[in-house]
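Visitor: One structure follows; several queries about it will come next.
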Amino acid sequence: MEEMEEELKCPVCGSFYREPIILPCSHNLCQACARNILVQTPESESPQSRRASGSGVSDYDYLDLDKMSLYSEADSGYGSYGGFASAPTTPCQKSPNGVRVFPPAMPPPPTHLSPALAPVPRNSCITCPQCHRSLILDDRGLRGFPKNRVLEGVIDRYQQSKAAALKCQLCEKAPKEATVMCEQCDVFYCDPCRLRCHPPRGPLAKHRLVPPAQGRVSRRLSPRKVSTCTDHELENHSMYCVQCKMPVCYQCLEEGKHSSHEVKALGAMWKLHKSQLSQALNGLSDRAKEAKEFLVQLRTMVQQIQENSVEFEACLVAQCDALIDALNRRKAQLLARVNKEHEHKLKVVRDQISHCTVKLRQTTGLMEYCLEVIKENDPSGFLQISDALIRRVHLTEDQWGKGTLTPRMTTDFDLSLDNSPLLQSIHQLDFVQVKASSPVPATPILQLEECCTHNNSATLSWKQPPLSTVAADGYILELDDGSGGQFREVYVGKETMCTVDGLHFNSTYNARVKAFNKTGVSPYSKTLVLQTSEDTDSEEQTLPFPVPSERLPLRRMSPFSSTLNLQPSFPGRSYFDFRSSPHQLSLHSSLQSLNAPGCNFETQSASYSQLVDIKKLLAVAWFAFDPGSAHSDIIFSNDNLTVTCSSYDDRVVLGKTGFSKGVHYWELTIDRYDNHPDPAFGVARIDVMKDMMLGKDDKAWAMYVDNNRSWFMHNNSHTNRTEGGITKGATIGVLLDLNRKTLTFFVNNEQQGPIAFENVEGLFFPAVSLNRNVQVTLHTGLPVPDFYSSRASIA
């Protein structure tokens, strides 16, 4: 029974329950402790007064107002405790057993009444220290809660069992500890006396022997207290309300709120619930037995793990110590060289210090002598030595100017330790895989019919070989720099299609892909050659290869798995050393071959072989928010397309894609907007400040907007106040036209004010600043609005 002790202790005082009451959340409290943690709510802040005044409750007033559902039958199963409402939480402390306890706002007034009868201040509320649900008491105060008589009985029996051991009543000299009690004889026996005086045969065989503690409880147990009704204190419970799941008295059935409810006999329901609890305990007992067996198994595993760990650690330590010894020897050799260089530098510098000190002493002496000569009032005597002194001063000055004040030795050590190969080897140091691993995945196949280029973007698609039986965990797509340089990873993930944006115009790129799983990586696919468009400034642009017209909507509308911008990573035209690739496929010739005899496209329209007007295509970019460069307070979800921030200060997040040419349009929908904050939307440089509102520094161009109006802001300069704000569900559009060097904003598909900023040029990233729980979702891959396209064509 010792394991049950925590169930019998109050979470507030840490002692055994005294006159426990049952809260609506099914937790128990001492009646005195319940009074001690009462909190008096101000009249103006009570839910009743707020409902009466009709004023709303701000999200920042009381965060626990959703707990009003505590007493709804659908939520908690308690429908019998009417008259309670939600109450605000208060600062908490810890009780003796570690449970958070909410202290009273003021000490209770002294009273000579018992805790149950003492008056309760108006609008008093109590917070359960275990589940932290709060409720306001009605006029009955603590008397509105039922008393837990069963818990009192269990505590009484537990305390009796913990008392001093009982002695045998039939031992003649030194009484031994009793082991049983006969309920019929009402005598405590030790084992020898029971065998001698109470043998289990004859008439005594029918006597019931019980443990001494149980016998003492049955002997000393006082008459059971009868539970009374909380609404009618003078009436005993006589029936059970099935709907409210609580015992009631006859007055509750005649004139109370239970008059129309279904009721059953108290004794019958008592037996029924006891039976249900016993059945539930049977299943729990089986689980407890399994848990004990499982614990034995785990303890055995602990011992085995400890033994194996000691042996393995000893081997590992020996191997690492050998490496450390070799490293220490090499360290000593390198330190000797460093010390030699150190002594050489110190000798040179100290010699120069000594020389300069002597020279400075001589110079200072000459200066002091000259100053004293100047003080003399004898003109003829002064003129006799002035020429010589002037020559000495100029000569001394010239001596200081001949490199004397330049250090003969640098502070830097002309030694450079290249430890990268060793560090790489250390990082790659790992245990040999003992178990046989699965093979690496097969080489992916590039799907030429799915690959295409558009302006300075390229879309690549690949697949696993049809007969491959080894699953791939993901793929790695690599591109060179457009000048035949080294390959670099541009995408790692599970998708089999990727759009790479921000490539250089009129450039040839090589692309390849490989698959990977837990075992390793596959060989590279054949290299695909991609050619971007020649010029973005001309009015008429055509694709350099034929593209089936039925595939154009797929290129424009499909939300590809990833859009990456290589421009920020490639600051110039030549980036890496040249590395040739042995197998290359030309996208030009591959797509030209689609018109060859026997090709699936041979029977299609002849327009497939015609060059497509690029003006009929909308250059779109697919991107998401960048967690790597965002402020740490920004919270990401929905594959980094949705962001929010709970901080009161503005926090900035950038998009992953940067733009330096072309026309780009994206939208953001307002998913959550409370208490009228002012989020900002726009574009920014990569090094924009992340801990202030967008547009406060000279690295961002933004529009910040509240529920009524908006302003444009750059370098903390506010311009063009425009009426019309945002609410939950609103849409903010951002149009960056780098051809015309303008930035324009839209609210709910209507232009917000004039053109916000002009003469914008360089590399820009989509940017947002948020605070106070504003949540927005990014929508990309959108075409430029029709009215802007038509207006731009007229212009």
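The values are calculated or read from the model by the stated rules, or taken from the named source; none is laboratory data. Bear in mind the structure is a predicted one, so any value in this text is a computation, not a measurement. For neighbour counting, all protein chains shown are included, and Cβ atoms are generated from backbone atoms with ideal geometry for every residue, glycine included. Side chains included, ligands, DNA and RNA excluded: accessible areas come from the protein's heavy atoms. Shrake-Rupley method; radii C 1.70, N 1.55, O 1.52, S 1.80 Å.
Visitor: For LYS257, indicate whether it is assigned to a loop (DSSP other than H, G, I, E, B) and either open to solvent by 80 Å² or more (accessible area, probe 1.4 Å) or basic (Lys, Arg) (or both).
Guide: yes
Visitor: Please determine whether any residue of the stretch 378-386 is of a type outside the set (Phe, Trp, Tyr) and open to solvent by less than 60 Å² (accessible area, probe 1.4 Å).
Guide: yes
Visitor: For SER425, all conditions in the list (1) modelled with pLDDT of 90 or more; (2) under 37 Å from the mean Cα position of the chain (by Cα); (3) not in a loop (DSSP other than H, G, I, E, B) hold save one; what is the number of the exception?
Guide: Here SER425 meets the rest and fails (1).
Visitor: Output the residue which, of all residues in the stretch 176-191 that are at pLDDT 90 or above and farther than 13 Å from GLN214 by Cα, is most open to solvent (accessible area, probe 1.4 Å).
Guide: ASP191
Visitor: Something else: Looking only at the stretch 361-377, filter to residues that are open to solvent by 70 Å² or more (accessible area, probe 1.4 Å) and touching a helix residue (DSSP H, G or I) at 6+ places or on another chain (Cβ under 9 Å); which one of those is nearest to TRP400 (Cα to Cα)?
Guide: If we take residues in the stretch 361-377 being open to solvent by 70 Å² or more (accessible area, probe 1.4 Å) and touching a helix residue (DSSP H, G or I) at 6+ places or on another chain (Cβ under 9 Å), then GLN362 is nearest to TRP400 (Cα to Cα).
Visitor: Looking at the stretch 635-661, I want the residues that are more than 23 Å from LEU763 (Cα to Cα) and outside the structural domain of GLU761 (by the TED database) and have a partner that is in a strand (DSSP E or B) and open to solvent by 70 Å² or more (accessible area, probe 1.4 Å) with Cβ atoms under 7 Å, at least 6 apart or on another chain. Which pairs are those?
Guide: Listed pairs, sorted by first residue: none to list.
Visitor: Right, here's the next one. Please pick out the residue among LYS696, LYS728 that is surrounded by 15 or more Cβ atoms within 10 Å (Cβ to Cβ) and either in the same structural domain as SER769 (by the TED database) or among the aromatic types (Phe, Trp, Tyr) (or both).
Guide: Of the residues listed, the single one that is surrounded by 15 or more Cβ atoms within 10 Å (Cβ to Cβ) and either in the same structural domain as SER769 (by the TED database) or among the aromatic types (Phe, Trp, Tyr) (or both) is LYS696.
Visitor: To continue, here is another question. Testing SER354 on (1) among the small types (Gly, Ala, Ser); (2) at pLDDT 90 or above; (3) within 58 Å of the chain's Cα centre (by Cα), one condition comes back false. Which one is that?
Guide: (3)
Visitor: Looking at this structure, is PRO115 open to solvent by 30 Å² or more (accessible area, probe 1.4 Å), touching a Ser or Thr at 6+ places or on another chain (Cβ under 9 Å) and at pLDDT below 55?
Guide: no
Results for (1) surrounded by 14 or more Cβ atoms within 10 Å (Cβ to Cβ); (2) of a type in the set (Ser, Thr, Tyr); (3) within 30 Å of ASN339 (Cβ to Cβ), shown as yes or no for each residue.
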site: LEU417; (1), (2), (3): no, no, yes
site: ILE426; (1), (2), (3): no, no, yes
site: SER461; (1), (2), (3): yes, yes, no
site: GLU478; (1), (2), (3): yes, no, no
site: ASP481; (1), (2), (3): yes, no, no
site: GLY484; (1), (2), (3): yes, no, no
site: TYR491; (1), (2), (3): yes, yes, no
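Visitor: Which of the residues that make up the stretch 733-759 are assigned to a strand (DSSP E or B) and either of a type in the set (A, V, I, L, M) or not assigned by the TED database to the domain that holds GLY682 (or both)?
Guide: VAL734, LEU735, LEU736, LEU743, VAL747
Visitor: Looking at (1) open to solvent by 20 Å² or more (accessible area, probe 1.4 Å); (2) touching an Asp or Glu at 6+ places or on another chain (Cβ under 8 Å), which is the one condition that is false for VAL734?
Guide: (1)
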